[in-house]
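The values are calculated or read from the model by the stated rules, or taken from the named source; none is laboratory data. Every value quoted in this text rests on a predicted model; they were computed, and no experiment measured them. All Cβ positions, even for glycine, are placed from backbone atoms using ideal geometry, and neighbour counts span all protein chains on display. Surface areas here come from the heavy atoms of the whole protein model, side chains and all, with no ligands, DNA or RNA. Shrake-Rupley method; radii C 1.70, N 1.55, O 1.52, S 1.80 Å.
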Amino acid sequence: MNHYTHLVYIGRFQPMHAAHLKTLQRALRLADHVIVLVGTAFKPRTIKNPFSYEERRMMLLDCLSSEERERVSILPLRDYLYNEHQWLAQVHATVAQQVAHLQEPARIGLIGHLKDHSSYYLKTFPQWTLEDVENIDGLDATTLRQWYFGDDSSESGTPRWDILLRTRVPLPVLDYLRAFAETRDYLLLKQEQAFTQQYRAAWADAPYPPTFFTVDAVVVCQGHVLLVKRRAQPGKGLWALPGGFVGQDERAEEAMLRELREETGIDEMRAILQTSIKDRRLFDHPERSLRGRTLTEAFLIELPWFELPKVKGGDDAEKARWFPLGDLPELEHHLYEDHLEIINGLLGVA
């Protein structure tokens, strides 16, 4: 009999590499069944999270035999940057559903590698025994992504990333990466990586790592929220809250009102917008922006009119549009950074 009925394996698998596969195969030797929970499952493509949940699920399955697939369940996890309790509850509920059919008490364990601060979550499940695996082959997905979206030149005519990844990812994953490299999404992600590298390089000589301060406007009216479509990198083509950087001579509220007018053309009087501010909150998760450490103060503006004000994209916004609040969950994979969580936080949505 295996030591566990179920082992839980949590990761983003962006992309799945050889160490992931070895860990999964070890889990299959130790447990009757493995529950793979794929994090950041509903976000848009970025250089940190380039592949969708379904794409990662298929990469995992393609690396397993038919017998192994029968003993593996692969399920999505939603991010909750500002509510760790909600994230933990999600994990508990998902695992509980997977073991509910058992007649005897489940013997559940957790498998993973305590590599750095990003794997702290492995210590947040004291009810499950931790199977701590070693750092297999020194692999990490961050480096693999940098190669994949970086310089693709090669004297042999084969992209440099292809040569580097051949011994580091399973063959089915390499085949997928080769096919993905022919898509428009890959080209856009390469552009995003180039932009991010240039952005960070511009501040490399600063005496201290810079912290940027931005503002965002959560404008709601008659069950709708105002969003803009980003015109440029980062997040080109994604929907976002109106907002931007605070100027050197501005207070946060002044910057928010300026950005709101510039990006949406909303023509309500400044005094009306100011008196409609109902709340303001700082959102400061260290990983909320790929550009670097970026804090944003978001303002909740509740407009009392029965008709939605006319809006039109401008400045950095390609479009401006009112979205029903009920549509936001379905729009999540098209929303920039943590903007859905900002909206939910200010509106008190669980």
Angle check, please: helix 184-202 long axis (alpha carbons) against the longest principal axis of the chain (alpha carbons), in degrees 0 to 90, nearest 10. 70
How tilted is helix 171-180 with respect to the longest principal axis of the chain? Cα atoms for both, answer in degrees (0 to 90, nearest 10). 30
Enter the angle in degrees (range 0 to 90, nearest 10) between the Cα long axis of helix 53-62 and the first principal axis of the Cα atoms of the chain, meaning the one along which they spread out most. 10
Residue-normalised accessible area of region 15-106, expressed per residue, 1.4 Å probe, Å²: 46
Report, for the chain, the % of DSSP beta bridges that are antiparallel, rounded to 5. 40
Lys278 versus His3, label points 7 Å from Cα toward the beta carbon: distance in nm? 5.3
Please get the size of the charge dipole for the chain, origin at its Cα centre, with Cβ charges of +1 on Lys and Arg and -1 on Asp and Glu, quoted in debye to the nearest 20. 340
If you work out percent of Cα pairs over 31 Å apart from the coordinates, which of (i) 43; (ii) 38; (iii) 51 do you get? (i)
What accessible area per residue comes out for region 219-327, rounded to a whole number of Å², with a 1.4 Å probe? 51
Peptides ranked, highest mean first, by Cβ atoms within 10 Å: ranges 188-200, 94-106: 188-200, 94-106
Counting alpha carbon pairs within less than 8 Å and at least 6 residues apart, what relative contact order, in whole percent, applies to region 1-59? 41
Using +1 at the Cβ of each Lys and Arg and -1 at the Cβ of each Asp and Glu in region 162-261, identify which of Ala255, Ile163, Thr214 lies farthest towards the dipole's positive end. Ile163
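How large a share of the accessible area of the chain, in percent, is made up of carbon and sulfur atoms when the probe is 1.4 Å and the other protein chains stay in place? Intermediate results must be reported in sequence, preceding the final value.
Values: 9080 of 17750 Å².
C and S fraction of accessible area: 51 percent.
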From phi via Karplus (6.51, -1.76, 1.60), per-residue ³J(HN,Hα) for region 121-126 in Hz, x at Gly/Pro: 4, 5, 8, 9, 10, x
According to a simple spin-label model (label point 7 Å from Cα along Cα-to-Cβ), what is the distance in nm between Glu55 and Thr158? 2.3
Region 69-77 - phi-based ³J(HN,Hα) in whole Hz, Karplus 6.51/-1.76/1.60, Gly and Pro as x: 4, 5, 10, 10, 10, 10, 9, x, 10
Got a sec? Charge dipole of region 211-334, +1 on Cβ for Lys and Arg, -1 for Asp and Glu; which of Ala271, Pro309, Ala320 is way out at the positive end? Ala320
Cβ charges +1 (Lys, Arg) and -1 (Asp, Glu), total dipole of region 213-350, debye: 240
Which one, Met58, Met256, Met269, has the greatest fluctuation when you compute a Gaussian network model over the chain with C-alpha springs under 10 angstrom? Met269
Report the gain in length on full extension from Arg166 to Asp32: 0.36 nm times residue separation, minus Cα-Cα distance, nm rounded to one decimal. 45.1 nm
FRET efficiency for Asp249 and Leu130 from the Cβ-Cβ distance with R0 = 41 Å, rounded to 0.05, comes out at 0.20
